[in-house]
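The values are calculated or read from the model by the stated rules, or taken from the named source; none is laboratory data. The shown structure was predicted, so the numbers you read here are calculated from the model rather than taken from an experiment. Every residue, glycine as well, gets a Cβ built from its backbone with ideal geometry; the counts of neighbours run over all protein chains shown. Side chains included, ligands, DNA and RNA excluded: accessible areas come from the protein's heavy atoms. Shrake-Rupley method; radii C 1.70, N 1.55, O 1.52, S 1.80 Å.
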Amino acid sequence: MTTINQWEINMNVSRRTLLGATAAVAVVGATACNASPQASTPKDGGSEGGGDTVKLGVNYELSGDVATYGLASVAGINLAVEEINDAGGVNGKKIELVQVDNQSKAEEATSLATRLMTQDGVIAVMGPATSGGFKATIPVANDKKVPVVSGSATADDVTWDGTTVQEYAFRICFNDSFQGTIMARFAANNLSAKKAAIVKDNSSDYSKGLAAAFTAEFGTLGGSIVAEESFVAKETDFNTILTRLKGQSFDVIYLPGYYSEAGLIIKQARELGMEQPVLGGDGFDSPVLLELGGASALNDVYFTNHYSSLDEDENVAAFIEAFKAANNDEEPSAFNALGYDLAKFVADAVGRASALTGEAVQKAMAETKGFVGITGTFDMDEHHNPVKSIVVVGLKDGKQDTSEKII
């Protein structure tokens, strides 16, 4: 394994949204879906811990443009909470989820975060999935002193902007520029690449940020970027930019985009006879990539991800078995795994907190050491980011064939 400190990497990427994965929401007995406001209003900072339950908020994109992300995350959250409650809860108290739908709108996420903290009495809020939605809830969390935690908000500036730490915001996933840096190292060290071409989505901060991180790291390793082309989201014909690339000499293509365009780009590149390895980010992790690209095109394709179902760790195997049993034999995606880890992380902090208040839970989250999750083992650093592993997944005929965990 390769050792790297994720947070040594320069962080210079702004907002992004994440890849999708479809999943039905498994409703556990203690979940209150779209719960109405309570008659009484607890003080800021959450419940004082009376009763037999611990209330946690679930503020996710369950409808709207990015509902697939929220649904996948919540399916993982619900599985984890069901397991926790079946095992007796947290210090004898069952977890009660107060679940709301922010409709994939940042302003709605803000409003619902306020309601969850001031009316529903939660002591922590999970979600939203996307960086923009999650960042919209942070001012409320800091004001009300109730922590918000995301499993998948990867923009570099989510919890720390280089000078200021958001006191009540945490995440359990790696950040964007980490992906670009790791893939540059994989290209140079594992694929012996000296020259790279970049194809990026010019309408996406996510894509541009990964491309910038890849370029910087690849250069320090002695590599050179010999060509760079761009497109915008929702385009479908990429033959013009690919034809220009075909005339260049390079070893790999770095394509830091989402599956919706990446599948078509890879397919069209292969049709033009371009057989170089194609590298990408977590935006590739969707079954739609295979639908769009076709199995024959998706060879020598590698992408950075949070998790791989090929992992032989016994905890990962147990998670996969449990998830498939609860979801009609569906293979869990990275976002299912991140949602699962998110709920377990929050429950772990609640269990260690000195009191059932937002302030006490925040302190416990900040002090987390050695948390063992499906997507990796991590400590929480001083910027409220996890120091954890990343996985490089290799595809064969469109299916995961290899995975290398880099920590």
Notebook entry, point to check: Amide H to amide H, which residues 5 or more places from residue 98 or on other chains are under 5 Å from it, using H placed in the peptide plane?
Noted result: 32, 56, 57, 58
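For residue 314 and residue 191 in one chain, what is 0.36 nm times their gap in residues minus the Cα-Cα distance, to one decimal in nm?
Numbers: separation 123, 0.36 × 123 = 44.28 nm, distance 2.95 nm.
Difference between extended and current length: 41.3 nm.
Over the range 70-136, what is the mean sequence separation of C-alpha contacts under 8 Å (at least six apart), divided by residue count, expressed as relative contact order in percent?
Numbers: 39 pairs, mean separation 19.6, N = 67.
Normalised by residue count, the contact order of the range 70-136 is 29 percent.
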Next item on the list: For helix 131-144, report the angle its Cα long axis makes with the longest principal axis of the Cα atoms of the chain; keep it between 0 and 90° and round to the nearest 10°.
Entry: 30 degrees
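Within 10 Å of each candidate Cβ there may be at most 13 other Cβ atoms; applying that plus a DSSP loop requirement, which GluC sites (Glu not before Pro) in the range 269-373 survive? Don't skip to the answer; put the middle values down first.
Numbers: sites: 271, 275, 291, 312, 314, 321, 330, 359, 367; in loops: 275, 312, 330, 367.
Passing both the DSSP loop test and the Cβ count: 275, 312, 367.
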Check: When the chain is modelled as a GNM with alpha-carbon springs shorter than 10 Å, which of 391, 232, 125 fluctuates the most?
Finding: 232
Notebook entry, point to check: For the range 366-380, what does the Karplus curve 6.51 cos²θ - 1.76 cosθ + 1.60, with θ = phi - 60°, yield as ³J(HN,Hα) per residue in whole Hz, taken in order and with x for Gly and Pro?
Noted result: 5, 8, 4, 9, x, 5, 9, x, 5, 8, x, 9, 8, 9, 8
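Using the C-alpha gyration tensor of the range 263-407, what are the square roots of 5 times its eigenvalues, in whole angstrom, with the largest one first? The partial results should precede the final answer.
On the way: eigenvalues 248, 54, 30 Å².
Equivalent-ellipsoid dimensions as semi-axes: 35, 16, 12 Å.
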Next item on the list: Would you kindly give the portion of the calculated P(r) for the range 311-382 that falls above 14 Å, as a percent of all Cα pairs?
Entry: 63 percent
Notebook entry, point to check: What percent does the relative contact order of the range 114-271 come to when contacts are Cα pairs within less than 8 Å and at least six residues apart?
Noted result: 18 percent
Check: Non-local amide H neighbours of residue 373 (under 5 Å, H modeled in plane, Pro and chain starts lacking H): which ones?
Finding: 378
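Helix-only estimate, please: 222 nm mean residue ellipticity of the chain, summing -39500 (n - 2.57) across DSSP H runs of length 4 or more and dividing by its residues, to the nearest 500. Please list the in-between numbers first.
Details: 11 runs with 142 residues, N = 407.
Roughly -11000 deg cm²/dmol at 222 nm, from the helical runs in the chain.
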Check: Accessible area per residue of the range 41-184 at 1.4 Å probe, in Å²?
Finding: 29 Å²
Checklist line | Among 337, 188, 155, residue whose mean-square fluctuation peaks in a GNM of the chain (springs only between Cα atoms under 10 Å) | finding: 188
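Given a Förster radius of 41 Å and the C-beta distance between residue 203 and residue 382 as r, what FRET efficiency does 1/(1 + (r/R0)^6) yield to the nearest 0.05?
Taking R0 as 41 Å, the efficiency between residue 203 and residue 382 is 0.75.
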Next item on the list: Using θ = phi - 60° and the Karplus relation 6.51 cos²θ - 1.76 cosθ + 1.60, list the HN-Hα couplings for the range 324-341 in order, rounded to whole Hz, with x at every Gly or Pro.
Entry: 5, 5, 8, 9, 6, 6, 6, 6, x, 8, 4, 6, 4, 5, 5, x, 4, 4
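Leaving out ligands, DNA and RNA, and with a 1.4 Å probe, what % of the accessible surface on the range 198-281 is carbon or sulfur?
Values: 1590 of 3350 Å².
Of the solvent-accessible surface of the range 198-281, carbon and sulfur hold 47 percent.
Skip the ligands, DNA and RNA, and give the accessible area per residue of the range 286-347 with a 1.4 Å probe, whole Å².
Values: 2410 Å² over 62 residues.
Per residue, the range 286-347 has an accessible area of 39 Å².
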Margin query: Under 10 Å, Cα contacts only: if you run a Gaussian network model on the chain, which one of 158, 301, 288 comes out with the highest mean-square fluctuation?
Written below: 288
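If exposed means no more than 13 neighbouring beta carbons inside 10 Å and the site is in a DSSP loop, what's the longest run of the chain without any exposed trypsin sites (Lys or Arg not before Pro)?
Details: sites that count: 43, 234, 369.
The reported range is 44-233.
Could you tell me which of the pairs 267/399; 324/388; 94/144; 94/344 are separated by over 18 angstrom between their Cα atoms in the structure shown?
Details: 267/399 15 Å; 324/388 25 Å; 94/144 24 Å; 94/344 13 Å.
Pairs exceeding 18 Å: 324/388; 94/144.
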Check: Charges only on Cβ, +1 for Lys and Arg, -1 for Asp and Glu: so what's the dipole of the chain about the Cα centre, in debye to the nearest 20?
Finding: 500 debye
Next item on the list: Please work out the FRET efficiency for the pair residue 325 and residue 372, using the Cβ-Cβ distance as r and a Förster radius of 22 Å; give the result to the nearest 0.05.
Entry: 0.55
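Using Stokes-Einstein with the Kirkwood hydrodynamic radius over Cα pairs, what translational diffusion coefficient do you get for the range 288-328 at 25 °C and a viscosity of 0.890 mPa s, in µm²/s rounded to a whole number? If you can, show how the numbers build up before the last one.
On the way: Rh = 12.5 Å.
The Stokes-Einstein estimate is 196 µm²/s.
By how many nm would the segment from residue 52 to residue 114 lengthen if fully extended, with 0.36 nm per residue of separation less the alpha-carbon distance?
Numbers: separation 62, 0.36 × 62 = 22.32 nm, distance 2.37 nm.
Contour length minus the Cα-Cα distance gives 19.9 nm.
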Next item on the list: Calculate the translational D of the chain in whole µm² s⁻¹ from Stokes-Einstein, where the hydrodynamic radius comes from the Kirkwood formula applied to all Cα pairs, the temperature is 37 °C and the viscosity 0.692 mPa s.
Entry: 154 µm²/s
Margin query: Using Cα-Cα distances under 8 Å and only pairs 6 or more residues apart, what relative contact order does the range 249-407 have, in percent?
Written below: 23 percent
Notebook entry, point to check: Once phi is turned into ³J(HN,Hα) by the Karplus curve 6.51 cos²θ - 1.76 cosθ + 1.60 with θ = phi - 60°, what whole-Hz value does each residue of the range 176-192 show in order, with x for glycine and proline?
Noted result: 4, 5, 4, 4, x, 5, 5, 5, 5, 5, 5, 4, 6, 8, 8, 9, 6
